[in-house]
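First up is the structure itself, then whatever we jot down about it.
The values are calculated or read from the model by the stated rules, or taken from the named source; none is laboratory data. Not measured: the values here are computed from a predicted model. With ideal geometry, Cβ positions are generated from the backbone for all residues, glycine too; neighbour counts draw on all protein chains shown. Heavy atoms of the whole protein, side chains included, go into the accessibility calculation; ligands, DNA and RNA do not. Shrake-Rupley method; radii C 1.70, N 1.55, O 1.52, S 1.80 Å.
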Amino acid sequence: MVEAQSWTTRRMSNPRLETTAVVDIPTTPPGDARAPTAATSSVSSPAIVTALIIASWYLSNIGVLLLNKYLLSYYGFRYPIFLTMIHMIACAIYSYLAIHGLELVPRQNILSRRQFFKILALSAIFCFSVVCGNTSLKYIPVSFNQAIGATTPFFTAIFAFLITFKRETGEVYLALLPVVFGIVLASNSEPLFHLFGFLVCVGSTAGRALKSVVQGLLLTSEAEKLHSMNLLLYMAPMAALLLLPVTLYVEGNVAAITIEKAREGPFIVFLLLGNATVAYLVNLTNFLVTKHTSALTLQVLGNAKAAVAAIVSVLIFRNPVTIMGMTGFAVTVMGVVLYSEAKKRSKVTGR
């Protein structure tokens, strides 16, 4: 759904670097064996918390992909726009509870009409990306979906150049070649290749990249910048309202169909609620991973996540794969890693 893969989230404070309360430890005669203290155990607790958060981020990202695929392809709930709208409604409700109830982050308000329309524009791009991504899962396997999604840096570089005229170094552009070559190789070798599914998945990937570029362009001033959780709080209800007329026009009386299915058995209700909850957890854990590590760590983990999701989906759904297709996917992921390293070096050189 949601764009689990935006690189504009700010790095928050790292608990491992924060000062802790000073504890007076009584002196111990030399040579005495010291029992483990609370201070000793507290050293490892941040690492354990970080590991659990990363594991939760992996489970939620892969879980929402698998649930979407099951709903849209195997269960027969072929309404990706309505499913995306449910995701947006859940994100709006959970974001409100997280900010107002749990106070995970301070509340930020929309300060002007101009800022409102900027967020509305981002919501429209967000809707396009998520709807295309969910629609693609009706036609292509999760493994192929993730291979195409790994090309996000390629589209980000293109949009950054076209919109902001930002030029990268030759090394950065050169690193994008294996990204493109790998996806071409994977596409030619995909046993379940579907042209429409491929095109809407490319549209989803391009939309995700466009959102990250436009977000950095629109919300530039300190007064307009919003924390990722606050941005989701405002974007989600806007996205749901934008999707409502589209789902009614394209997918017909889908609400009545869903209610009828719910009367036949409650499984569809639990499936949709669980799916929407996991979709929100993708955004929440995305924020938590960045807070407890860094945006760069999130990017590295994201590269590995695509490969893990592809492997898990193949094991669960048993979709056929070829050696050439797996090679193409590996080349694409390797290209993304090279691109990240080249970007890092270019930033260091620029300083």
Of the heavy-atom accessible surface of segment 118-210 (probe 1.4 angstrom), what whole percent is carbon and sulfur?
76 percent
Based on the alpha-carbon gyration tensor of segment 177-230 and its eigenvalue square roots a ≥ b ≥ c, which shape applies: rounded if a/c is under 1.5, prolate if not and a/b is larger than b/c, or oblate?
prolate
Relative packing of 136-146, 258-268, which averages over residues the other C-beta atoms within 10 Å, highest first:
136-146, 258-268
How would segment 92-166 be classified by its alpha-carbon gyration tensor: rounded, prolate or oblate, with rounded meaning a/c under 1.5 and the a/b versus b/c comparison settling the rest?
oblate
Any lysines with Cα under 16 Å of the residue 225 Cα? List them, leaving off those in the same chain fewer than 8 positions away.
118, 211
Specify whether the C-alpha gyration tensor of segment 173-282 places it in the rounded, prolate or oblate class, a ≥ b ≥ c being the square roots of the eigenvalues: rounded for a/c under 1.5, otherwise prolate if a/b is larger than b/c and oblate if not.
oblate
Can you tell me, using C-alpha contacts under 8 Å and at least 6 residues apart, the relative contact order of segment 67-204 as a whole percent?
33 percent
Quick check: with the 1.4 Å probe, what order do 225, 305 take by accessible area, largest first?
225, 305
For residue 344, which lysines qualify as cross-link partners when the Cα separation must be under 18 Å and same-chain residues fewer than eight apart are set aside?
166
Using packing as a proxy for protection, rank 204-210, 162-168, 327-333 so that the peptide with the highest average count of other Cβ atoms within 10 Å comes first.
204-210, 327-333, 162-168
